[in-house]
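This report concerns only the one structure given below.
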Amino acid sequence: MAGTSEIEWTDVTWNPVAGCTIASAGCSNCYAMRMAARLQAMGHVKYRGTTRKSGGRYVWTGRVNLDEFSLSAPLEWRKPKRIFVNSMSDLFHPDVPEAFIRSVWEVMEKCPQHHFQVLTKRPDRMAGLFASKKISAFANVWIGTSVESGEVADRVKHLVGIENATRFVSFEPLIGRIGEIDLRGIHWAIVGGESGPRARPMDEEWVERLYEICRRDDVAFFFKQWGGRNKKAAGRELHGRTYDEYPLDLDV
Ligand code: SF4
């Protein structure tokens, strides 16, 4: 239903949806795809049919499963948490019905004690739902998009247009130069290299440039990791220190 997370910028993950499809190059080594294959093999009903083997590795089948049962989980957590919404899918995947997205939003509205972190590679759909007032901005719901290279930097524009929300961009896995980008209107940036057996390299210069842009545009900067095959060894220091900034003064 939910799990304590090892992801540095969150406390727990909450997964009302399982299964996804590749959206862009940043998805190629999707951790959720590998994990879903494992959970499916272990017999977890929620992941049934979501992955298949292809060319020696597991890939998404395109099936998206909704887990109504997990919807109420955050309501039962009394202690305030930072909650990463749908680490095993994308809430704004085209196959997630609008009514289900609204159900997720209703739960988040009922839980002001938590901070929810909603991260999508489909910010155009998210922005459309905000524009048509199907979903609204809440102080405890942070909305974000992933940008792995300059090729998909346009995703940020969809985010900036959503008013009254805490907006963040995850530059992870950073697999290409971002180039010039305007981050005004963005509150928080996460930067990190890819990890795992097929990790693609991250150039230090790309990180430095993003750091400068965040300072210029007044964006809280969180440096997650250098990544690589051994991410623990590579560490998460930049300029001889760690950067663990958040968009609000959270008690973390
Ligand atoms: S959008 Fe997220 S969950 Fe879906 S394939 Fe890409 S990285 Fe994986």
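Please arrange R57, R38, R82 by accessible surface area, largest first, computed with a 1.4 Å probe and ligands excluded.
R38, R57, R82
For R200, what accessible surface area do you get with a 1.4 Å probe? Give it in Å², rounded to 10.
Around 60 Å² of this residue is reachable by solvent.
Skip the ligands, DNA and RNA, and give the accessible area per residue of the stretch 117-202 with a 1.4 Å probe, whole Å².
Numbers: 3370 Å² over 86 residues.
Result: 39 Å² of accessible area for each residue.
Could you go through the stretch 38-53 in sequence order and give the Karplus-derived ³J(HN,Hα) for each residue, using 6.51 cos²θ - 1.76 cosθ + 1.60 with θ = phi - 60°, rounded to whole Hz, and x for Gly and Pro?
With coefficients 6.51, -1.76 and 1.60, one gets 5, 5, 5, 5, 7, x, 5, 4, 4, 9, 4, x, 7, 10, 8, 7 Hz.
For the chain, give me the percentage of DSSP beta bridges that are antiparallel, rounded to the nearest 5 percent.
Taking every DSSP beta bridge with both residues in the chain, the antiparallel ones total about 30 percent.
Can you tell which of P74, P123, P97 shows the greatest fluctuation in a Gaussian network model of the chain with Cα springs below 10 Å?
P97
Would you calculate, for the chain, the mean residue ellipticity at 222 nm contributed by helices, counting each DSSP H stretch of 4 or more residues as -39,500 (n - 2.57) and dividing by all residues, to the nearest 500?
-6500 deg cm²/dmol
Given charges of +1 on the Cβ of Lys and Arg and -1 on the Cβ of Asp and Glu, with all other atoms neutral, how large is the dipole of the stretch 21-166 about its Cα centre, in debye to the nearest 20?
In total the dipole reaches around 500 debye.
Taking 8 Å as the Cα distance limit and 6 or more residues as the minimum spacing, I'd like the relative contact order of the stretch 5-55 as a percentage. Could you put the intermediate results ahead of the total?
Details: 30 pairs, mean separation 15.6, N = 51.
So the answer I get is 31 percent.
Would you tally the net charge around G185, using a Cβ to Cβ cut-off of less than 15 Å, leaving G185 out, and scoring K and R as +1, D and E as -1?
0
For the chain, with all protein chains present and a 1.4 Å probe, just round the carbon and sulfur fraction of the accessible area to a whole percent.
Solvent-exposed carbon and sulfur of the chain make up 48 percent of the total.
At 0.36 nm per residue, minus the direct Cα-Cα distance, what do R198 and V45 gain on full extension? Give it in nm, one decimal, please.
Gain on stretching R198 to V45: 52.3 nm.
Ignoring ligands and nucleic acids, what accessible area does S195 show with a 1.4 Å probe (Å², nearest 10)?
That residue has around 40 Å² of solvent-accessible surface.
Whole-Hz Karplus ³J(HN,Hα) for the stretch 181-194, in order, using 6.51 cos²θ - 1.76 cosθ + 1.60 and θ = phi - 60°, x for Gly and Pro?
For the stretch 181-194, the Karplus-derived couplings read 8, 9, 9, 5, x, 9, 9, 8, 10, 10, 10, x, x, 6 Hz, x marking Gly and Pro.
Relative to 2.2 N^0.38 Å, what does the C-alpha radius of gyration of the chain come to as a ratio? Two decimals please.
Details: Rg = 17.4 Å, N = 252, 2.2 N^0.38 = 18.0 Å.
Compared with the compact-globule rule of thumb, the chain sits at 0.97.
Farthest toward the dipole's positive end in the stretch 46-125, which of S87, G55, H115, given Cβ charges of +1 (Lys, Arg) and -1 (Asp, Glu) about the Cα centre?
About the Cα centre, the residue reaching furthest to the positive side is G55.
Treat every Asp and Glu Cβ in the stretch 109-159 as -1 and every Lys and Arg Cβ as +1, leave all other atoms uncharged, and give the resulting dipole magnitude about the Cα centre to the nearest 20 debye.
In total the dipole reaches around 240 debye.
With springs only between Cα atoms under 10 Å apart, run a GNM on the chain and tell me which of A233, A32, A18 wobbles the most.
Taking springs between Cα atoms under 10 Å, the residue moving most is A233.
Would you mind working out the magnitude of the charge dipole of the chain relative to its Cα centre, with +1 at each Lys and Arg C-beta and -1 at each Asp and Glu C-beta, to the nearest 20 Debye?
Working: 35 positive and 32 negative charges, 211 e Å.
The calculated dipole for the chain is roughly 1020 debye.
Suppose each label sits 7 Å from its Cα in the direction of the beta carbon; what would the T242-D217 distance come out to in nanometres?
A separation of 2.6 nm, rounded to one decimal place.
Can you give the relative contact order of the stretch 81-122 as a percent, counting alpha carbon pairs under 8 Å and 6+ residues apart?
Relative contact order here is 69 percent.
Which whole-number value in Å² is the accessible area per residue of the stretch 1-58, probe 1.4 Å?
51
Mind checking which of N29, N65, N230 has the largest fluctuation in a GNM of the chain, springs on alpha carbons under 10 Å?
Among N29, N65, N230, the largest mean-square fluctuation in the Gaussian network model of the chain belongs to N230.
Measure out, as a whole number of angstrom, how far apart the alpha-carbon centroids of the stretch 137-158 and the stretch 217-238 sit.
19
At a probe radius of 1.4 Å, what is the per-residue accessible area of M33, in Å² to the nearest 10?
M33 exposes around 10 Å² with every protein chain in place.
What does the charge count near A23 come to, summing +1 for each Lys or Arg and -1 for each Asp or Glu among other residues with Cβ under 9 Å from its Cβ? Provide the component values of the computation, followed by the final result.
Numbers: positive: K121, R122; negative: D90.
Overall, the nearby charge balance is +1.
The values are calculated or read from the model by the stated rules, or taken from the named source; none is laboratory data. Predicted, not measured: the structure shown is a model, and the values here were computed from it. Virtual Cβ from ideal backbone geometry, glycine too; neighbours counted across all protein chains shown. These area figures cover heavy atoms from the full protein model, side chains too; ligands, DNA and RNA do not enter into them. Shrake-Rupley method; radii C 1.70, N 1.55, O 1.52, S 1.80 Å.
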